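Here's the structure, in structure tokens; my notes come after.
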Amino acid sequence: MGKRVVLMGMAGVVCVAGLGGMVFGEESAAVAAKKPVLTLTDAKGGVSRVAYSPDGKLLAAVSGDGTARVWDAGKGKLLQTMKGHEGVVISLAWSADGKQLATGGLDKSINVWNVTTGQIVDRHEQQCPVHGLAIMPDGKHLVSICGEKVRWWQEGQDEELFDRPQGDWPLTALALTPEGELVISDYDGHLAVLDGKTGAKLAENQVRAELPATSKDPGGKNWVYSIAPLGKSEAFLTDRVTVWDWNWREGTRKRVKATGGYGVAVTPDREMAVVGGWEELQVIDVKTQRVVVQPEMKNTWVTGVSIAPAGDRLAVSSGGHWENAVWTAAGSSVVWVYDLKAAEGVMADQRKAAAEKAAGGK
């Protein structure tokens, strides 16, 4: 059994981990899966989004204090604090080579940063808040959502290349598939898939889940907050009350047995999905639709989730939420990192127990 190690003293970091890849201490996998292995506390004003770099070595987050931060993903050491926005930063995207990070804010600006130096290398101005970003695979083009339009930008050019209007409602989420296509959603629950280079519409759908009676949204709308692509033709989507599995090539959409929220992510092997909302973080077995574990999450909103490319760690941002399209800081401004390998062990035990029960019932 691995020896328990507590690392303290790094700015804003408390780390509890195990040696040699073993579960730490004498705790079971179920207990280990619920406790963070890293707690990053440098941000202020709520952490709105979090994302691992493509190689998994870095972890970035954007916050209500107008900053973007980059940590060493393994040790939790703060490497950069990048200041260049006025007000809340609400979106971020890594370049494919992990050398650049794009951030978008309520100040209607897009900054592209050199992660090594912490300097702005490109900047674009929009006409409205930047609720979603994607750096295209070639590293020279960037896509953003602003109001009812998807906008394309080129490195070094102040003016946008072109835009594609998407209807009458503001866009709320944007995600880039591994094949370079774009999945978008709007405030009315409309979904679409666009060609990443031309903006041509490839597929569309409509999500109209029933809202709970306690909903405070005056318009009664229920929009998709977060999109997790699973390849060229499939994505997990989360709205306020529901998680959806949408396959636009097959034309199917099915509900996942999980509570909706602000963030969703799926492991690279598609075995587990993670959904976060108010005081709730669920790790779900995609195959059985069973909740594997609910990591500890108290008195805070989960605003974003990201899974490392290796599928071994989960990062969660918290400390704020959206209410009637206004960002409000609430709870601790923290990024938590959890051990997904421990959750994987719990899932394996659950599947084994279910198989044995089924065999015994025959």
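Look at the dipole of the chain built from charges on Cβ: of 320, 284, 334, the Cα furthest out on the positive end belongs to 284.
Placing a label point 7 Å from the Cα of residue 155 along the Cα-to-Cβ direction, the residues of segment 31-55 whose backbone N falls under 17 Å of that point are 54.
I want to verify a result. In a Gaussian network model of the chain, Cα cutoff 10 Å, which of these has the top mean-square fluctuation: 273, 310, 29? Maximum among the listed residues: 310. Summary value for the chain: 14 percent relative contact order, contacts being C-alpha pairs under 8 angstrom separated by 6+ residues. Computed from the alpha carbon positions, the gyration tensor of segment 235-353 leads to an equivalent ellipsoid with semi-axes of 23, 19, 12 Å, biggest first. When the Gaussian network model of the chain links Cα atoms closer than 10 Å, the mean-square fluctuations of 318, 233, 28 top out at 28.
Distant-in-sequence amide contacts of residue 48, defined by a placed amide H-H separation under 5 Å and a gap of 5 or more residues or a different chain, comprise 62, 63, 64.
Phi-derived couplings, Karplus 6.51 cos²θ - 1.76 cosθ + 1.60 at θ = phi - 60°, listed residue by residue for segment 280-297: 8, 9, 10, 9, 10, 6, 4, 5, 9, 6, 8, 6, 6, 7, 10, x, 4, 7 Hz, with x used for Gly and Pro.
Each residue of segment 47-60 was assigned a 3J(HN,Hα) from its phi angle through the Karplus expression (A = 6.51, B = -1.76, C = 1.60, θ = phi - 60°), giving 9, 8, 9, 9, 7, 6, 5, x, 8, x, 7, 10, 9, 10 Hz with x at Gly and Pro. Kirkwood hydrodynamic radius of the chain, from the reciprocal of the average inverse Cα-Cα distance over all distinct pairs: 20.6 Å.
The GNM of the chain, with springs linking C-alpha atoms under 10 angstrom apart, assigns the highest mean-square fluctuation among 90, 120, 135 to 120.
Computed from phi, the 3J(HN,Hα) profile of segment 268-278 under the Karplus parametrisation 6.51, -1.76, 1.60 (θ = phi - 60°) reads x, 7, 6, 7, 10, 10, 10, 10, x, x, 6 Hz, with x in place of Gly and Pro.
Say R0 is 22 Å: what FRET efficiency, to the nearest 0.05, do residue 195 and residue 247 get from their beta-carbon distance?
Computed FRET efficiency for residue 195 and residue 247: 0.75.
Each value in this text was obtained by applying a stated rule to the coordinates, not by laboratory testing. Only a predicted model underlies this, so the values are computations on that prediction, with no experimental measurement involved. Cβ atoms come from the backbone with ideal geometry, glycine included; neighbour counts cover every protein chain shown.
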